[in-house]
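Asker: Structure incoming, see below.
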Amino acid sequence: SPPRPRAPAMRIITHNMLQCPRSKTFPLRLVPTELETIESDFNREFLLRMIPRLDWGVLRDTSKELKLGDLPDAAPEPDTADGSVMQTLHTILMDTHVKEGTLISQDGTVYGIRDGIPNMLEPEQLPAAAPAAKPADSDSDAMATA
């Protein structure tokens with residue numbers, strides 16, 4: 001049988017766009033416990049379109065903190081973007097996947113990342129567990145039918 005495709009995991013590009021749903025603060029501190037590099041096709045045009053949408057300082061700091069690669073202090077300009085900087089940017093944004101870890105907001109709220117999926121729901125938003133079924137009591141059942 002053919003190999004199963006890998007489940008997608010959160011990329012660093014996603015981290016650069018997430019904010020805390022409770023406090024609406026940005027950025028969230030990324031604390032990965034498992035990262036994976038999955039190579040993808042280099043797309044310079046996509047990167048050039050994304051650069052203005054990124055918070056460059058947050059991306060640079062996250063990349064440095066996680067030892068993903070060195071980025072320049074300022075975002076590259078489309079007409080002067082160096083090839084090695086663009087390749088490093090691609091590797092950080094598109095090829096680095098967070099499989100497990102946490103995101104921590106500025107107000108201290110912690111959001112888990114499990115199997116590559118960030119859970120941005122707060123505990124009170126999660127569905128309540130169904131109450132455990134009570135074991136059938138044969139004596140009370142017998143009395144109810146008597």
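Every number in this text was worked out from the coordinates using simple rules, so none of it is lab data. Bear in mind that the values here come from a model prediction, so they are computed numbers and not experimental data. Counting neighbours? That spans all protein chains shown, and the Cβs are built from the backbone with ideal geometry, glycine included.
Asker: GluC sites (Glu not before Pro), restricted to the range 13-117: which are DSSP loop and have at most 12 other Cβ atoms within 10 Å?
Answerer: In loop regions of the range 13-117 (DSSP not H, G, I, E or B), the sparsely surrounded GluC sites (Glu not before Pro) are E39.
Asker: Further question: Between beta-carbons, use under 15 Å as the cut-off and find the net charge around D70, counting Lys and Arg +1, Asp and Glu -1.
Answerer: Once positives and negatives cancel, what remains is -1.
Asker: Would you mind counting up the charge near M17? Only other residues with Cβ under 12 Å from its Cβ, with Lys and Arg at +1 and Asp and Glu at -1.
Answerer: Within the 12 Å Cβ shell, the charges total +1.
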